[in-house]
Amino acid sequence: MVFDYFYIVYDYSFIIQLLAVSVSVALLMRGYEKSVKGVLVFVAHVAGLFVAETLVNWLMFVLSYYVRGLQGINFPLSHFIVVLVYTAFFSVYPLCNRLILSSTIFASTILLSELGAQVVRMSITEVSRRAWLAIPFYAAVIAFAVLMKKISLNEYYEVTIHTTALVLTINIAAMAVEISYLFLNRQTQGNKFFCFVLVVCFVICVSGYLMAYFHCRERDENVRLQVENKLLESDKKMMQLSDRALEEMRELRHDMRNQYMVMGVMLREGRYDELSAYFESMKAELAQYPSSVNSGNSVIDSVMNMELLKAAANGVTINYRIRVPSALSIASSDLCRMIANLTDNAVEGVLRNGAGDLSVDCTIEADNGYLYICLQNAVGEGIEKERLLKFDTWKPDYKNHGYGHKIVKKIVEKYNGHCNYTVEDGVFIAEAMLELKMGE
């Protein structure tokens, strides 16, 4: 009885089914990197899942001899246990994403596998050749997993609880229909009506996932449009700040002529104490105007000068160190958004965290084929390090705020770079590196 599983069930068709399940689950819940190491790790996960599937199915097969209620549903239950454990311990995605991906691939796997079994039972071909009829359905499991990977929910910032609950309800309902039939109708012959029901349930599961995907994409697009509008508003405000600063500089230049005349009179009359006090007052007045950036790169100069004006309007000083060539192989729009987002977040962090040091340190350098951008700002006492690194915010438009970090991440990925956020000795450090094309 213990070894009947390997003689009766564990044939080449069942092995292919377990491989299809293992590849699909590992692909969706873990993924792989496009490197030799990444492929080897992926293969190791598939092998581990295959062994787990074999052992758990064997155990459930043996138990079904003693627990009659398991007969007919022992294999779906085995898949459920393996997928649940793997998702809980090895998946790298957020909870809602895990629930949707795991429930959808589990439901589709069971539905397609049972559909293949029903087709085999209805076949009039020889028994030794019938099992091959189920293989296209196992291949469909992998094909659907590839489709889910192609249009993955993980592309988007947030999957809502309501969307997750709806997809779970659809998948559970589809599984309930199949398991109810298997539990109530234990006949071994294929059933055409049941095949039709399985196809309908599979289409419903696919539709549920696609609905969740397009819903998330629409929400993401709405958030992106809101952020675009805010960026336009920000550009407008920056232009207003620039115009105001320019007007103030013109007024200052006009006023300087009169001040020079007054200082000349004091110098001729020997009123050195008054002249010194007058000169100090002029220094204090000039200190409110931030110095202008002149790195030689017009794009970086423009965005940094705007950021200096914005920061000065909020009482924040930006100390910058910029060493870049006059032209970079990075699109101007990407460069502007990268610097603007990181700088805005640093200035906001200074104002929000209540740190005594109202300054931001900015470093932008091009070296060894990479553009390095680093923003540092002090963190006030009592601010949770974990919350900062999760980018939790106190702003009411927290979704738009989080989208700024997503913009930075996408730009970094576009230029084969990486970004890193750390908190060290009371200082929040945001670093990003973008790959530069050689010779440009």
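The values are calculated or read from the model by the stated rules, or taken from the named source; none is laboratory data. Please read these numbers as outputs of a predicted model, since none were measured by experiment. Note that each Cβ is placed from the backbone with ideal geometry, even for glycine, and that neighbours are counted across all protein chains shown. Protein only, heavy atoms only, side chains kept; ligands, DNA and RNA dropped before computing areas. Shrake-Rupley method; radii C 1.70, N 1.55, O 1.52, S 1.80 Å.
Only residues that are crowded, with 16+ Cβ neighbours inside 10 Å and over 22 Å from Ala107 (Cα atoms): list them for the stretch 11-36, please. Within the stretch 11-36, just Tyr32 meets the criteria. Taking the condition at pLDDT 90 or above and open to solvent by less than 60 Å² (accessible area, probe 1.4 Å), does Ala355 pass? Answer is no for this residue. Report, by residue number, each residue of the stretch 273-297 that is under 30 Å from Ser333 (Cα atoms), modelled with pLDDT of 75 or more and open to solvent by 80 Å² or more (accessible area, probe 1.4 Å). Result: Asn294, single match. The residue list Val83, Val9, Val62 contains one member that is in contact (Cβ under 8 Å) with a residue 24 or more places away in the chain and closer than 15 Å to Ala145 by Cβ, which is Val83. Entry remark, the stretch 142-176: residues being in contact (Cβ under 8 Å) with a residue 60 or more places away in the chain and more than 26 Å from the chain's Cα centre (by Cα) number 3 in total. Listed by first and then second residue, the pairs linking a residue in the stretch 90-111 that is among the charged types (D, E, K, R) to a residue that is open to solvent by 40 Å² or more (accessible area, probe 1.4 Å), with Cβ atoms under 9 Å apart and 6 or more places separating them unless they lie on different chains, are Arg98/Ala88.
Within the stretch 130-179, if we keep just the residues that are open to solvent by 30 Å² or more (accessible area, probe 1.4 Å) and of a type in the set (Asp, Glu), the residue that is farthest from Ser13 (Cα to Cα) turns out to be Glu158.
Conditions tested, residue by residue: (1) more than 13 Å from Val9 (Cα to Cα); (2) open to solvent by 70 Å² or more (accessible area, probe 1.4 Å); (3) of a type in the set (Gly, Ala, Ser).
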site	(1), (2), (3)
Phe42	yes, no, no
His45	yes, no, no
Val51	yes, yes, no
Val56	yes, no, no
Leu59	no, yes, no
Val62	no, no, no
Tyr66	yes, yes, no
Phe75	no, no, no
Ile81	yes, no, no
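Here are some residues: Ser108, Ser128, Ser103. Which one is modelled with pLDDT under 85 and out of contact with any strand residue (DSSP E or B) (no Cβ under 8 Å at 6 or more places or on another chain)? Matching residue, one of Ser108, Ser128, Ser103: Ser128. Of the residues in the stretch 301-309, none is surrounded by fewer than 18 Cβ atoms within 10 Å (Cβ to Cβ), closer than 22 Å to Ala378 by Cα and out of contact with any helix residue (DSSP H, G or I) (no Cβ under 7 Å at 6 or more places or on another chain).
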